[in-house]
Amino acid sequence: MSESPTPTPGSDRQTDPHADRYGTRPRRALGTRGRVAVVAALAAAVGVTAWFAVEQTRSEPVTAEVVGFDVPGPEQIEVTFQVHMPPGSTAVCTVEALASSYAQVGTLDVPVGPADGTTSTYAVTVSTSEQATTGVVEDCRATG
C-alpha cells in the first residue's frame, strides 16, 4: 500500500515564499477617502511645524554662536561670533572669556546690528584678568 505524501503547509504557494509568514491577503489600495485623509494629515503636520518655527523665532528673536577664538596672550582673547536676528534689528550680546576652570576671567557687552541680512559676523577682543582658554557668547538681547 502506497500512501500519498502528506502536503506540507504552504506547498501550493510556490510564487510567494513569504506567504506562510505574512499571509496571502492582497493589499488594498487606498480609496479616495484614505488619500484625502493622508493628504490632510500631511498638511496639518506641515502647518504645525511652521507654527512651532514661527513661535520659536518670536520667543528667541536673537541667537548667537561662536565661530572661533584666538588667545594671543595672557591678558586678552579674540572671539568671532555670528548673530542671527531679523534684518534691521539691534541687540546687545555679552561675550565672556573663560579660564580652564570655567571661571569667567573677562566680559564685554557688544552692540550688534542693524544688519541687512539675518546673519552677521562680529569679531571682538575681550580683556582678561588671567589666561583665557575659551570665549563664549553668553546671551544676546534685542534692543529695538
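The values are calculated or read from the model by the stated rules, or taken from the named source; none is laboratory data. Nothing here was measured: the structure is a model prediction, and the numbers come from that model. Don't worry about glycine lacking a Cβ; one is built from the backbone with ideal geometry, like all the others, and counts go over all protein chains shown.
Quick check on my filter: what residues within the range 126-138 are in a strand (DSSP E or B) and surrounded by fewer than 14 Cβ atoms within 10 Å (Cβ to Cβ)? Answer for the range 126-138, where residues must be in a strand (DSSP E or B) and surrounded by fewer than 14 Cβ atoms within 10 Å (Cβ to Cβ): 127, 138. I'd like the full set of residues that are within 16 Å of residue 137 (Cα to Cα) and outside any strand (DSSP E or B), limited to the range 91-117. Those that are within 16 Å of residue 137 (Cα to Cα) and outside any strand (DSSP E or B): 99, 102, 103, 113.
Scan the range 75-86 and tell me whether some residue there is surrounded by 10 or more Cβ atoms within 10 Å (Cβ to Cβ), in a loop (DSSP other than H, G, I, E, B), among the charged types (D, E, K, R) and modelled with pLDDT of 85 or more. Yes, the conditions are met somewhere in the range 75-86.
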